[in-house]
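The values are calculated or read from the model by the stated rules, or taken from the named source; none is laboratory data. Computed from a prediction, not measured in an experiment: that's the story for all the values here. Counting neighbours? That spans all protein chains shown, and the Cβs are built from the backbone with ideal geometry, glycine included.
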Ligand SMILES: [Zn+2]
Ligand SMILES: [Zn+2]
Ligand SMILES: [Zn+2]
């Protein structure tokens, strides 16, 4: 197996080479998206956190970005770190919330993996 971006994406390898390749690729991809967005903002449809990251400041993107970095999220993360449990019992394992709080149980890791596939299919 050749280490690099494809082994990161398709085989889930997380060695230093693959991780670095993925970071570089994400940066490159974001930069391209930023340039594309800046030249034709009206053609952009992928609003949300992703839109915010590439420079869109419409109400959808701003709202998503705020939600993600909200106080409750930070508090939930702190709480999880300290107690190993979730602040709200509405939080379930295998969801973005649980994963973002820092849980790495099997369910949350599976969510992360599925998310990867979802993001890839959106990007296509
Ligand atoms: Zn590797
Ligand atoms: Zn937007
Ligand atoms: Zn979990």
Mind listing just one residue for me: the one in segment 55-80 that is at pLDDT 90 or above and loosely packed, with under 12 Cβ neighbours inside 10 Å and, of those, nearest to residue 39 (Cα to Cα)? 57
Residues being surrounded by 16 or more Cβ atoms within 10 Å (Cβ to Cβ) and part of a helix (DSSP H, G or I) - total across segment 81-98: 2
Test: residue 33 is touching a residue at least 12 places away in the same chain (Cβ under 8 Å), part of a helix (DSSP H, G or I) and either more than 16 Å from ligand 1 (Cβ to nearest atom) or touching a strand residue (DSSP E or B) at 6+ places or on another chain (Cβ under 6 Å) (or both): yes
Within the group 100, 109, which residue is closer than 17 Å to residue 50 by Cβ and touching a helix residue (DSSP H, G or I) at 6+ places or on another chain (Cβ under 9 Å)? 100
Any residue in segment 99-108 that is on the phi > 0 side of the Ramachandran plot and outside any helix (DSSP H, G or I)? yes
State yes or no: is residue 52 surrounded by 13 or more Cβ atoms within 10 Å (Cβ to Cβ), without any contact (Cβ under 8 Å) to a residue 60 or more places away in the chain, more than 30 Å from residue 1 (Cα to Cα) and under 14 Å from the mean Cα position of the chain (by Cα)? yes
Hey, among the residues in segment 55-64 that are part of a helix (DSSP H, G or I) and either over 22 Å from residue 121 (Cα atoms) or touching a residue at least 24 places away in the same chain (Cβ under 8 Å) (or both), which one's farthest from ligand 1 (Cβ to nearest atom)? 59
All-but-one check, residue 105 against (1) surrounded by fewer than 11 Cβ atoms within 10 Å (Cβ to Cβ); (2) at pLDDT 85 or above; (3) more than 16 Å from ligand 2 (Cβ to nearest atom), failing number (1)
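How many of the residues in segment 28-49 are closer than 16 Å to residue 68 by Cα and either more than 9 Å from ligand 2 (Cβ to nearest atom) or exposed (fewer than 15 other Cβ atoms within 10 Å of the Cβ) (or both)?
Here the count works out to 1.
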Which condition number does residue 78 fail, the rest of (1) closer than 29 Å to residue 8 by Cα; (2) assigned to a helix (DSSP H, G or I) being met? (1)
